[in-house]
Amino acid sequence: MNKETNPVTYPVSSVAEVYDACHPDIPLEDVNDTRYVDLTAVRGGESLVKSIAYAIERTRSPNFHQQLVTGHRGSGKSTEFFQLKARLENHGYFVVYLDVGETLDLGDISYLDILIGIAKAIVGELEAAGIDLNENLLTEVLAWLAEKTIITERNAESEGKVSANLGLAANIPFLAKALAEATGHIKSGSKRREEIRSVLERELSLLIERLNTLIDDARTRLRLQGFKDLVVIVDQLEKMAYRTNKDGTSNHKELFVHHAGQLKSLHCHIIYTVPINLIFSANLGDTFGSDAIFVIPMVDVNKGAGKEKFREVVARRVDIEKVFVESCLVDRLIAMSGGSLRDLMRLVRLACQNTDEIIESADVERAIRALIREYDRLVKEQDIPLLTRVNESKHVDGSFADLLGLRVIHEYQNGARWADLHPAVRAISWIDRALNPPAIL
Amino acid sequence: MNTDDPEALADRQSELPRLLWVLRKGKGFGLYFVCCNAPAYRRELVEKIKAEYALPILEFDLTGHDDEEYIDHRLLTWAADKPAGAPVFLYGLETLLPTRDEDRQFRTIQEINWRRNVYSQLGRNLVIWLPEYALTLLARKASDFYDWHSAVFEFPVPEAEKSRFVKQSMLGFMDGETHAANRMTLAEKRRWISVLNGLLDETPKDSEEYAGLLNDLGRLHHASGKYSEALRMYQKSLEVFHKLNNQEDESMALNNISQIYQAQGDYDNALKYLESSLVILRDIGFRDGESIALGNISHIYRIQGDYEKALSYLEDALVINHAMGNREGEGTNLNSISQIYSAQGYRDKALNCLENALTIHREVGNRIGEGATLNNFSNFYYDQGNDDKALDYLEQSLRIARDMGDRAGLCAILINYGAIHDSQGNISEAKHAWLEAYRIATEIGHAEGLKALDKLAKDLGKEGLAYWESKM
């Protein structure tokens, strides 16, 4: 990422600046970022930050709070996590944020990769904070892991890369390296990774025990430094592509339902993001508890309050009066966003493209047509029966998982949970005809 | 897009200016998609953009991408020393999203979804060019990655120039004497499968061209050992040819379908399709086609050991070819007849046919046929225990296959070549040939070759194909 030499002051007032000020792909990492708008009130009133922070603060050792979070893509989830992290840190917690997409070198993910990835992240963050772990313990866990991986290596008849490193004294970077070895060798389909997994799987309880001794040691040391406890946020896990397994279940269920026990087994407060279709999985509640999933709903921008908040989101970033010919053009974009922050940002950007002076009505209309075309690509004729159903009932169940995942349908929460078509989908002419057939005279 | 709608028309005309605007004004990382179906049109557009943008544009083609490395790794390493701020045009992602290889598709989708954040480290605009079908697939399946885009630009091939661009995009596919399916490596086939899939979207359904593309796709899948996909393509092309009342090509499609069933060992179905093909061919009086169908029917009877029937069909074919003065066909028939005589133990007759076939092939310059007959000569002498002569003929056959770029043929010949050396106790030379055969077979996805090589490894007391892989 290019570092800006001159920090931008928001709101910006020229179209060229608007384009960058409304980048849809950059979550707000700084809690003091002036662009941040708390949308809790228009999302149904329940704050992710507060409710999870309270739950963690109320849960005392030896119990740990385990939380699943989901929401539509682009609903501002990552930004909320950064807020949560800051709040917990202010309250004395040591928070490890793990972006699995960046940290784990993974193709087809298994719970083992996640467990080891978490341990690795904890070790790495403690090191970064200058907190030493018990050296003997590290050596022991390292030796155990190395032994397991070396055995596999020998079986695979390849060079003993790990054994070559074993002579070194144990220290944190080296352990991180060995843990990387165990989760690495990615590029899905890698035979070696399968083998490492199966070795570790056979000794699963031992693995978890070792990782937990490590985590317990980390927590003890953190407390000595004055921290209340350790919290791990595992983000981006919801991006796991959906696949049906041979036995008819999905890889999503396999990880979050069948291996829920393992995911819950670590000795720390932990938050996982999960794919949105899992909210329809009845079994999930059995293992994680009935209110274990926090859903971040979209903002209902048809209501005055939602619309106002979204206006504020735009106004914090751009000077509406200076950039738009008429400020009501912003309302057009807000209505078409369907309450999705990402679509709102995208629409503003689309309206800028090919405009140098000021955004006019024609630019806004062109942006809206472009968004409609993009949604047109996502909907298929087979989807019509489901779209008709949600159009009438405003309610979704498991059969809508795909369409929710594509954000063709949005879920909202004000008073009660309800769902509707994305306004850009509603505006596709062939969908509109299918949903509103001309009356027979 | 509806062409009659003035707004849609205006939008289409603003696509290029919008793209240029984004390249100029978008700072840092930004993800864009461009939808364009014909590679020839894409090349022309890119030239135009380069001329108008007047700043460097980096172009990166993923065709033939090595699975062992992440796309983003390659991209980042490659772009590291390139001029700062220059946008990247990325091509060929569709080759990693094959419509029928779900495993490969899943791996790519999983990879780009998970590793989305890494792409932002590019710090420049990334413009991914994709044909319509692949973009739709990406949008629906890799939604986390797709959802990051700041715009999609659509460049449908201009109606008036469609056929020119489709033809230009096909250059390189039709080159040479051997059908693309027999000459290309697996990576090339993969690329062409994506290109042809893209062109399908630009071609009116129910047209000759559409059915022709389906047939070419069928051949590419067929040659890669993807039988069920090949069958699907052939069936679809059959439907279109039938609708268009193009009987000649309909019979070709029926014939091609029969070859899939034959490869799968479903001889009843293979015969059924060949006989339907034969009826049409006789009906329209297309005699060259008739003789080919007869030859294919004969082949099935021969595989099943019914030599009498096999011979009688070939004799019918020979009569036709003789009457038509089709020397190439005669040569092919004589070569096949020799194989029946060989199987029946009539060595003199077999040798006689082979000699006549060879003379004809050389006379008409049918080099593929010549290579096949030389291979059969080799088999003939090998059966008689004359290894030297067998080797001599096989070496000639090998040279032709190499010259012609007939990789499927080369693979089969190398397997035989190894077998002769093996029988002479020259095991290292044999393994050398089989290893080359293995390399080709994996490259082109030669299913029968791989099956043979698997067995050969097991005969050597090894664990099958993995053995060859470990020797690579």
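Quick note: the coordinates plus some simple rules give every number you see, no bench work behind them. Predicted model, so just to flag it, every value in this text is computed and none were measured. Cβ atoms come from the backbone with ideal geometry, glycine included; neighbour counts cover every protein chain shown.
Does anyone have the angle between helix B:287-303 and the longest principal axis of chain B? Alpha-carbon axes, 0 to 90°, nearest 10? Its long axis makes an angle of about 70 degrees. In order along segment A:214-227, the phi-based Karplus estimate (6.51 cos²θ - 1.76 cosθ + 1.60, θ = phi - 60°) of 3J(HN,Hα) comes to 5, 5, 4, 4, 4, 5, 4, 5, 5, 5, 4, 7, x, 7 Hz; Gly and Pro are listed as x. Scanning residues 5 or more positions from A:Val318 or on other chains, those with amide H under 5 Å from its amide H are A:Val12, with H placed 1.01 Å from N in the peptide plane.
Using only side-chain charges placed at the Cβ, +1 for Lys and Arg and -1 for Asp and Glu, the dipole size of segment B:251-356 relative to its Cα centre rounds to 100 debye.
Specify the inter-centroid distance of segment B:312-368 and segment A:292-349, based on alpha-carbon positions, in whole Å. After rounding, the separation between the Cα centres reads 78 Å. Take every pair of alpha-carbon atoms less than 8 Å apart whose residues are at least six positions apart; their mean separation over the length of chain B yields a relative contact order of 11 percent. Close amide H contacts of B:Asn125 (hydrogens built in the peptide plane, cut-off under 5 Å, sequence separation of 5 or more or a different chain): B:Gly30, B:Val88.
Ordering B:Ala40, B:Ile128, A:Ser47 by the projection of their Cα atoms onto the charge dipole of the protein assembly as shown, which places +1 on the Cβ of Lys and Arg and -1 on the Cβ of Asp and Glu, puts A:Ser47 at the extreme positive end. Evaluated at q = 0.04, 0.05 Å⁻¹, a Debye calculation over the C-alpha positions of the protein assembly as shown (equal weights, vacuum) places log10 I(q)/I(0) at -0.24, -0.38. Distance between the C-alpha centres of segment B:447-463 and segment B:15-53: 49 Å, rounded to the whole angstrom. Residues whose amide H falls under 5 Å from that of A:Phe294, counting only those 5 or more places apart or on a different chain, are A:Leu68, A:Val69, A:Thr70, with hydrogens built in the peptide plane. Rounded to the nearest Hz, the phi-derived 3J(HN,Hα) couplings of segment A:54-66 under the Karplus curve 6.51 cos²θ - 1.76 cosθ + 1.60 (θ = phi - 60°) are 4, 4, 5, 5, 7, 8, 10, 3, x, 8, 10, 8, 10, where x marks glycine and proline. Under 21 Å of direct C-alpha separation, and excluding same-chain neighbours fewer than eight residues apart, B:Lys236 reaches these lysines: B:Lys189, B:Lys205, B:Lys226, B:Lys272. The 3J(HN,Hα) values that the Karplus relation (6.51, -1.76, 1.60; θ = phi - 60°) gives for segment B:262-279 are, in residue order, 4, 4, 8, x, 8, 5, 4, 5, 4, 5, 4, 5, 5, 5, 4, 4, 4, 4 Hz. Gly and Pro appear as x.
Would you work out if segment B:194-296 is rounded, prolate or oblate? Take a ≥ b ≥ c from the square roots of the eigenvalues of the alpha-carbon gyration tensor; rounded if a/c is under 1.5, else prolate when a/b is larger than b/c, oblate otherwise. Numbers along the way, then the final one.
Working: a/c = 2.36, a/b = 1.25, b/c = 1.89.
Oblate.
Between the residues A:Thr273, B:His222, A:Gly130, the greatest Cα displacement towards the positive end of the dipole of the protein assembly as shown, with unit charges on the Cβ of Lys, Arg, Asp and Glu, is found for A:Gly130. Taken about its Cα centre, the protein assembly as shown carries a charge dipole of roughly 1780 debye when the Cβ of each Lys and Arg holds +1 and the Cβ of each Asp and Glu holds -1. Against chain B, whose longest principal axis comes from its Cα atoms, helix B:347-364 is set at around 40 degrees.
With n ≥ 4 as the cut-off for DSSP H runs, can you work out [θ] at 222 nm for the protein assembly as shown, using -39500 (n - 2.57) per run divided by the number of residues, rounded to the nearest 500? Could the numbers behind the result be given before it?
Values: 45 runs with 554 residues, N = 913.
Counting only the DSSP helices, I get -19000 deg cm²/dmol.
Rounded to the nearest 20, the Cβ-based charge dipole of segment A:284-441 about its Cα centre (Lys and Arg +1, Asp and Glu -1) stands at 60 debye.
Going by the alpha-carbon gyration tensor, a ≥ b ≥ c the square roots of its eigenvalues, is segment B:54-101 rounded (a/c under 1.5) or, if a/c is not under 1.5, prolate (a/b greater than b/c) versus oblate? Since a/c reaches 1.5 but b/c is at least a/b, the shape of segment B:54-101 is classed as oblate.
Counting alpha carbon pairs within less than 8 Å and at least 6 residues apart, what relative contact order, in whole percent, applies to segment B:381-423?
Details: 20 pairs, mean separation 16.3, N = 43.
Rounded, it is 38 percent for segment B:381-423.
Ordering B:Ser428, B:Gly212, B:His65 by Cα displacement along the dipole of the protein assembly as shown toward the positive end leaves B:His65 in first place; charges were set at the Cβ atoms of Lys, Arg (+1) and Asp, Glu (-1). Helix B:327-344 and the long axis of chain B differ in direction by around 60°, with both axes built from C-alpha atoms.
Does anything in segment B:353-372 have its amide N under 18 Å from the 7 Å Cα→Cβ label point of B:His322, and if so which residues? Residues B:353-361 fall inside that zone.
Can you pull a Stokes-Einstein diffusion coefficient for segment A:294-441 at 37 °C (0.692 mPa s), Rh from Kirkwood over Cα pairs, as a whole number of µm²/s? Rounded, D is 202 µm²/s.
Sequence-distant contacts, meaning Cα pairs under 8 Å at least 6 residues apart, place the relative contact order of segment B:6-162 at 41 percent.
Please say if segment B:6-162 is rounded, prolate or oblate, where rounded means a/c under 1.5 for a ≥ b ≥ c the square roots of the C-alpha gyration tensor eigenvalues, and otherwise the choice is prolate for a/b larger than b/c and oblate otherwise? Oblate, because a/c is 1.5 or more while a/b does not exceed b/c.
Computed over segment B:78-150, the quotient of the alpha carbon radius of gyration and 2.2 N^0.38 Å is 1.14.
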